[in-house]
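Participant: My structure is below; once you've seen it, I'll send some questions.
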Amino acid sequence: MEVVIVPDAKAGGAVIAEAMAGLLRRKPDALLGVATGSTPLPVYQALVATVRAGAVDAGRARICQLDEYVGLPAGHPESYRSVVLREVVEPLGLTEASFMGPDGSADDVPAACQEYDRALAAAGGVDLQLLGIGTDGHIGFNEPCSSLASRTRIKTLTEQTRVDNARFFDGDIDQVPHHVITQGIGTILEARHVVLLATGEGKAEAVAQTVEGPVAAVVPASALQLHPHATVVVDEAAASRLKLADYFRHTFASKPAWQGL
Ligand code: PGA
């Protein structure tokens, strides 16, 4: 995997938005997999600014969702469908017709999960999947010990993830659902390019284990070591426990200009 160390979250957002813009120039109807949480917001802000500046046309882009809470009523402001529509789809000038996500309010959740995997494949697969990382090393909502071959399915959140996400629910952990639908690790690994963004000291240990530790289900993000095109973008704080940080800095600084992420 390639590790890119940037000064701060804004720079991380800019470098990933440029990769997305480059993809859209090569493939205007690219399927972009987006993530929720706080970390990816600078990516969306930078991409929207690039589009508004006329540097890329995102009019044919397609957007797909990584995970979703189970049981929130349709239209709940913190359902990930609502979040992605608000943070990504609408600011890019796209409509819901360009958007795909799993149905967290389906009566038959396992069928909805299978349906989503089928829909992603029928859409030609994800071109670039953006990921955050949990403090416990989760990607999507694949909590520790998720199968590295898993497909989209229901998962139970750890207490830590519910604590981390309570800030989106007025700080009230009781409002955070226990269950989610998440693309599986096997599903995520099918994306042509996987880009993980991590910022802040709180992610430093998870990043070190992901990049420099063994591939292990207990650190789900470590599965990215198996992907032929995985990029990990970290700010200085999130990079602070990487033993090979200087090597990663040197590699990125000496990259040929044509190569991109
Ligand atoms: P965060 O979430 O970006 O809000 O820290 C990351 C994640 O849980 O994947």
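None of the figures in this text is laboratory data; all of them are computed from the coordinates on show. Remember, predicted model here, so these are calculated numbers, not experimental data. Methodologically, a virtual Cβ is constructed for each residue, glycine included, from the backbone with ideal geometry; neighbour enumeration extends over all protein chains shown.
Participant: Given Cβ point charges of +1 (Lys, Arg) and -1 (Asp, Glu) and nothing else, what value in debye, to the nearest 20, does the dipole of the chain about its Cα centre take?
Facilitator: The calculated dipole for the chain is roughly 900 debye.
Participant: Tell me the relative contact order for the chain as a rounded percent, counting alpha carbon contacts under 8 Å between residues six or more apart.
Facilitator: Taking the mean separation of contacting Cα pairs over the length of the chain, I get 24 percent.
Participant: While we're looking at this one, here's another question. Quick check on region 101-255: what does the Kirkwood estimate of hydrodynamic radius come out to from the alpha carbon pairs, in Å?
Facilitator: Across region 101-255, the inverse of the average 1/r is 16.4 Å.
Participant: Using Cα-only point scatterers and the Debye equation, what is log10 of I(q)/I(0) for the chain at each q in 0.10, 0.11, 0.13, 0.16 Å⁻¹, rounded to two decimals?
Facilitator: Normalising to I(0) and taking log10 leaves -0.45, -0.55, -0.79, -1.25.
Participant: Now, a different point. Among VAL6, PRO73, VAL207, which residue has its Cα positioned farthest towards the positive end of the charge dipole of region 2-256, with +1 placed on the Cβ of Lys and Arg, -1 on the Cβ of Asp and Glu, and the dipole taken about the Cα centre?
Facilitator: Working it through, the farthest residue towards the positive pole turns out to be VAL6.
Participant: Write down the Å³ per residue value for the convex hull defined by the alpha carbon atoms of region 210-261.
Facilitator: Looking at region 210-261, the number lands at 89 Å³ per residue.
Participant: Work out from phi, with θ = phi - 60° and the Karplus expression 6.51 cos²θ - 1.76 cosθ + 1.60, the ³J(HN,Hα) of each residue of region 54-60, listed in order in whole Hz, and give x for Gly and Pro.
Facilitator: x, 7, 7, 9, 9, x, 10
Participant: Quick one: if the Förster radius is 41 Å, what FRET efficiency do TRP258 and GLN160 give, using the C-beta to C-beta distance and rounding to 0.05?
Facilitator: Efficiency, from the Cβ-Cβ distance: 0.45.
Participant: Determine how many Å³ per residue the convex hull of the Cα atoms of region 24-108 encloses.
Facilitator: So the per-residue hull volume is 90 Å³.
Participant: Mind checking which of ILE154, LEU41, VAL51 is farthest towards the positive end of region 2-256's charge dipole, using Cβ charges of +1 (Lys, Arg) and -1 (Asp, Glu) about the Cα centre?
Facilitator: Checked the options; the winner is VAL51.
Participant: Enumerate the amide H contacts of MET100 below 5 Å, restricted to partners 5 or more residues apart or on another chain; note that Pro and chain-start residues carry no placed amide H.
Facilitator: Amide H neighbours of MET100, under 5 Å, 5+ apart: ILE63, CYS64, GLN65.
Participant: Restricting everything to alpha-carbon atoms, can you work out Rg to Rh for region 86-163 with a Kirkwood hydrodynamic radius?
Facilitator: 0.98
Participant: With each pseudo-label sitting 7 Å past Cα toward Cβ, what's the HIS250-ASP170 distance in nm, one decimal?
Facilitator: Between HIS250 and ASP170, the simple spin-label model gives 5.5 nm.
Participant: Distance from the Cα centre of region 199-223 to that of region 134-195, in angstrom?
Facilitator: Each part reduced to its Cα centre gives a spacing of 15 Å.
Participant: Run the numbers for ALA111 and GLU236: contour at 0.36 nm per residue of separation, minus the present Cα-Cα distance, in nm.
Facilitator: Here the answer is 40.8 nm.
Participant: Starting with the fewest neighbours, write out VAL84, VAL34 ranked by other beta-carbon atoms found within 10 Å of each beta-carbon.
Facilitator: Neighbour counts put them in this order, fewest first: VAL84, VAL34.
Participant: Would you mind telling me the antiparallel percentage of the DSSP bridges in the chain, rounded to 5?
Facilitator: Counting DSSP beta bridges with both partners in the chain, the antiparallel share is about 30 percent.
Participant: Also, I was wondering about something else. Which net charge results when you count Lys and Arg as +1 and Asp and Glu as -1 among the other residues whose beta-carbon is under 13 Å from that of PRO42?
Facilitator: -3
Participant: Moving on to the next point. Please give the peptides 91-103, 221-233 ranked by average Cβ packing (other Cβ atoms within 10 Å per residue), highest first, as a rough proxy for protection.
Facilitator: 221-233, 91-103
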